[in-house]
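Q: Please see the structure below; I have some questions.
Just so it is clear, none of the values below were taken in a lab; they were calculated from the coordinates. The model shown is predicted, which means the values in this text are computed figures rather than measured ones. Positions of Cβ are generated from backbone atoms using ideal geometry, with glycine treated the same way; all protein chains shown enter the neighbour counts.
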Amino acid sequence: MTLSPLLDLAGLTLEVNHLARGVRFYSQVLGLTLARHDEAAGVAEFTVNPHQTLTLWQPITRQAKDGRLAPLRPRGASHLHYAWQIDPDDLEPSKKLLDAHGLSWEEINLGTEDRPDWTLYFFDPFGHGLELRGIDRADSRQPHFPPVPVERPPHALPVMGLREVALAFGDYAAMKERLPRAYGLAFAKEQDDRDFAQFTLGPQAEPDGNGTPRRWLYAWDPQVGLADMLGGDHALVRFYADVDAVKELVKAAGLPYIHDEVGLAVRDPEGHVFEFIAG
């Protein structure tokens, strides 16, 4: 069996129309640490934990958000759905925290009646769909960087880190063939009743659900999903990976890329830009 060169989820970039409002939301509701806030550049960067980041980009006409990536024409994701890892015992208190922040939420059981897997869905001020997913840190299916609790302010959700990102693809069939071939992503499974594929961000495909701390890339058609969530458009997502191995696949696929001391960045035919950095 060929192992995937993908190791883990490193970071996401979201598009926002009001940077200061985004900084307030992600500082106060999620309790993330603000590492950079540049209103003139329209950029805010947060530290999620020692291995993951969340970035906000406010579009400014004729101004590239990242000069290094400018040749690939990246944008922050619009209406991105992504999930946070959280201790299952913290799900119930999180409902009260969301209520205190005036945020509507929806609870859905993604498991079964005898083995429930409850998750909370809510939206940020910009239409990005957030999810709180309970994980069993004792589970043997560990990501490259195992999740650990992070101290958050009392008013913030007790999230440990990013769990998954969901992207929309207009040509689902081409995506399902391309992602393993061009990037080495490990295809895990797809739904029977919808164009919805799951890729394990790790060396081999594994089952999702039931508390696994693994991290994931979901890829689906441009349809509304659970809790009115949409897959993100023109997303910028960063992964930990064997960069040289991914580069060989990208070159063979003929995709536009840049490779420098930071890592490898690639523009997917659907407009997403993927960054691969050493783990």
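Q: If one computes P(r) from the Cα atoms of the stretch 91-165, what percent of pairs lie at distances over 14 Å?
A: 67
Q: A further question follows. Going toward the positive end of the dipole of the chain, with +1 on Lys and Arg Cβ and -1 on Asp and Glu Cβ, which of 40, 112, 265 do you reach last?
A: Working it through, the farthest residue towards the positive pole turns out to be 40.
Q: Could you bin all the Cα-Cα distances of the stretch 156-271 into 10 Å bins starting at 0 and give me the percent of pairs in each, rounded to whole numbers?
A: P(r) over the stretch 156-271, rounded to whole percents: 12, 43, 35, 10, 0.
Q: Name the long-range amide H neighbours of residue 189: under 5 Å, sequence gap of 5 or more, or other chain; modelled H, no Pro or chain starts.
A: Sorted by chain and number, the residues that satisfy this are 198.
Q: Could you list 159, 243, 224, 237 in order of exposure, starting from the residue whose Cβ has the fewest other Cβ atoms within 10 Å?
A: 224, 243, 237, 159
Q: If you don't mind, there's one more thing I want to ask. Tell me, what are the semi-axes, in whole angstrom and largest first, of the equivalent ellipsoid of the stretch 142-206 as set by the roots of 5 times the Cα gyration tensor eigenvalues?
A: 30, 15, 10
Q: Moving on. Distance from the Cα centre of the stretch 158-195 to that of the stretch 200-277, in angstrom?
A: The stretch 158-195 and the stretch 200-277 have Cα centres separated by 8 Å.
Q: Fewest Cβ neighbours within 10 Å first, please rank 176, 251 accordingly.
A: Going from least to most buried by this count: 251, 176.
Q: Here is a follow-up. If R₀ is 30 angstrom, what is the calculated FRET efficiency for the pair residue 206 and residue 259, using the beta carbon separation as r and rounding to 0.05? Present the calculation step by step, with values, prior to reporting the outcome.
A: Details: r = 29 Å, r/R0 = 0.97.
In this case the efficiency is close to 0.55.
Q: In the structure displayed, which of 65/96; 96/189; 65/251; 95/176; 176/247; 189/247 lie more than 28 Å apart, Cα to Cα?
A: Where the Cα-Cα span goes over 28 Å, the pairs concerned are 65/96; 96/189; 95/176.
Q: Give me the extension gain from residue 251 to residue 18: residue separation times 0.36 nm, minus the current Cα-Cα distance, reported in nm with one decimal.
A: 80.1 nm
Q: Please list the equivalent ellipsoid semi-axes of the stretch 216-279, computed as the square roots of five times the alpha-carbon gyration tensor eigenvalues, in descending order and whole angstrom.
A: Taking √(5λ) for each Cα gyration eigenvalue gives 25, 13, 10 Å.
Q: Report the relative contact order of the chain, percent, no decimals, based on alpha-carbon pairs under 8 angstrom and at least 6 residues apart.
A: RCO, the chain: 24 percent.
Q: Further question: Under 5 Å between amide hydrogens, which residues at least 5 positions from residue 161 or on another chain qualify, with H placed 1.01 Å from N in the peptide plane?
A: Under 5 Å from the amide H of residue 161: 85.
Q: Note down the magnitude of the dipole of the chain about its Cα centre, charges +1 on Lys and Arg C-beta and -1 on Asp and Glu C-beta and zero elsewhere, to the nearest 20 debye.
A: On the way: 27 positive and 41 negative charges, 181 e Å.
The dipole of the chain has a size of about 880 debye.
Q: While we're looking at this one, here's another question. So for 190, 270, 92, fewest C-beta neighbours within 10 Å to most, what's the order?
A: Ranking 190, 270, 92 by Cβ neighbours within 10 Å, fewest first, gives 92, 190, 270.
Q: Here's something else I'd like to know. Report the gain in length on full extension from residue 194 to residue 152: 0.36 nm times residue separation, minus Cα-Cα distance, nm rounded to one decimal. Let's see the in-between values first.
A: Details: separation 42, 0.36 × 42 = 15.12 nm, distance 3.73 nm.
This chain segment gains 11.4 nm when fully extended.
Q: Any chance you could run the full-extension gain for residue 228 through residue 70? It's 0.36 nm times the residue separation minus the Cα-Cα distance, nm to one decimal.
A: Numbers: separation 158, 0.36 × 158 = 56.88 nm, distance 3.21 nm.
53.7 nm is the gain from fully extending residue 228 to residue 70.
Q: Over the Cα atoms of the stretch 6-278, what is the Rg over Rh ratio if Rh follows Kirkwood?
A: Result: Rg/Rh = 0.94.
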